[in-house]
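Inspection log for the structure reproduced underneath, given as structure tokens.
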Amino acid sequence: MTILDSPIRRLDVVDLPECLDLAVSRDWARAERQWRMLFEVGEAYGIEDPSGGLAACGILTNLGDGLAAISMVVVAERFGRQGLGQRIMRHTIERAGQRTVLLHASTLGRPMYEKLGFRHVSSATNFFGYFDAAAPLTTKQVDDSPGLRRLDAEVTGSERGALLDVLLREAEQVRIVETGGKVTGYATGTRHENLTHIGPVIAADEPSARALIADIAAAVEGPVRIEIDTRNPDLLEWAEKGGLAPGVVAPCMVFGDRELPGDVARRYAPVLRALG
Ligand SMILES: CC(C)(COP(=O)(O)OP(=O)(O)OC[C@H]1O[C@@H](n2cnc3c(N)ncnc32)[C@H](O)[C@@H]1OP(=O)(O)O)[C@@H](O)C(=O)NCCC(=O)NCCS
């Protein structure tokens, strides 16, 4: 049996170290907390390397009935360009059923996704550093909130309650903006290995997005990371002025001719690139 005939199997959290080893072999950071979250909310798949470890992996996260995200697609370098990436992708797309499938692509991944029928719909710039800027309006810390969940469903067009359960449990900060007694914006700050990740940022307008980001960053010791949608050039400029360095710009791609559901204009930053 060659590697091309090796079956795809569902991975369990016990396979996490092998996923991390595979990711690190491709120069990705050992982002264990992020992988753990994805294993909890998603379905991980892999192809075993006959000589030990994994030859390929990928994670599908179904976000309610309408939307799904694919992430962590990695193929060991020595098995590259033999079709394993496409196999993992076809398998996860099939498992997503009728849902609209989104992903954020790396430079290496993009040609494969285009070949499979993914279309570029937007982009997110990765920012990292020590951030300091004034919040233009007041935000409030909460643990959870029905208003937040309603807003998330409205803006993303999907009932991603299972993801929110994990996200709100894991986040050190959950901040909301209220307008007329209604939640009109929210963002979370979650500590990962050596940084605090800010995202998602969902807001009615840019001042609200700024306030959420500034207030989360103000309560953080150490660097922050955020992936800001490039449709907001003023926000990108503000982030840079506040001390964040722009890095990779990742295209967000959608499978087939679907559009992203919900209200894209109110989505300033994804939960994680892996989750949209
Ligand atoms: C991206 C990645 C998963 C592709 O896996 P793979 O098994 O090599 O991909 P496949 O063999 O299925 O290739 C699929 C197609 O993608 C394109 N492709 C793959 N690698 C490519 C490369 N290095 N340059 C240009 N096109 C490439 C080709 O069109 C290829 O088809 P072809 O070989 O018939 O021309 C792999 O390169 C990888 O793990 N990279 C590091 C991690 C990463 O960036 N993952 C993507 C996260 S979004």
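Listed values, structure above:
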item	result
Cα gyration tensor shape for the chain, rounded if a/c is under 1.5, else prolate or oblate	prolate
Relative contact order computed over the chain (Cα-Cα under 8 Å; 6+ residues apart), in percent	22 percent
Whichever lysines have a C-alpha closer than 18 Å to that of LYS182, once near sequence neighbours (fewer than 8 apart) are set aside	LYS140
Förster radius 45 Å - calculated FRET efficiency between THR2 and GLU172 (Cβ-Cβ, nearest 0.05)	0.45
Gaussian network model of the chain, springs between alpha carbon atoms under 10 Å - residue of GLY189, GLY46, GLY147 with greatest fluctuation	GLY147
Cα gyration tensor shape for the range 1-58, rounded if a/c is under 1.5, else prolate or oblate	oblate
Max mean-square fluctuation residue, GNM over the chain, Cα-Cα springs under 10 Å, options GLY180, GLY58, GLY117	GLY180
Solvent-accessible area of HIS192 with every protein chain in place, 1.4 Å probe, in Å² to the nearest 10	10 Å²
Solvent-accessible area of THR179 with every protein chain in place, 1.4 Å probe, in Å² to the nearest 10	80 Å²
Exposed-site-free run, longest, the chain (rule: trypsin sites (Lys or Arg not before Pro); DSSP loop; at most 13 other C-beta within 10 Å)	82-276
Cα-based shape type of the range 126-247, given that a ≥ b ≥ c are square roots of the gyration tensor eigenvalues and the cut on a/c is 1.5	prolate
Cα centroid of the range 73-129 to Cα centroid of the range 177-206, whole Å	27 Å
For the range 117-159, size of Cβ-based charge dipole, Lys and Arg +1, Asp and Glu -1, in debye	160 debye
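The values are calculated or read from the model by the stated rules, or taken from the named source; none is laboratory data. Just so we're clear, the structure is a prediction, and the values are computed from it rather than from any experiment. Heads up, the Cβs are rebuilt from the backbone with ideal geometry, glycines too, and the neighbour counts pull from every protein chain shown. For accessibility, only protein heavy atoms count, side chains too; no ligands or nucleic acids. Shrake-Rupley method; radii C 1.70, N 1.55, O 1.52, S 1.80 Å.
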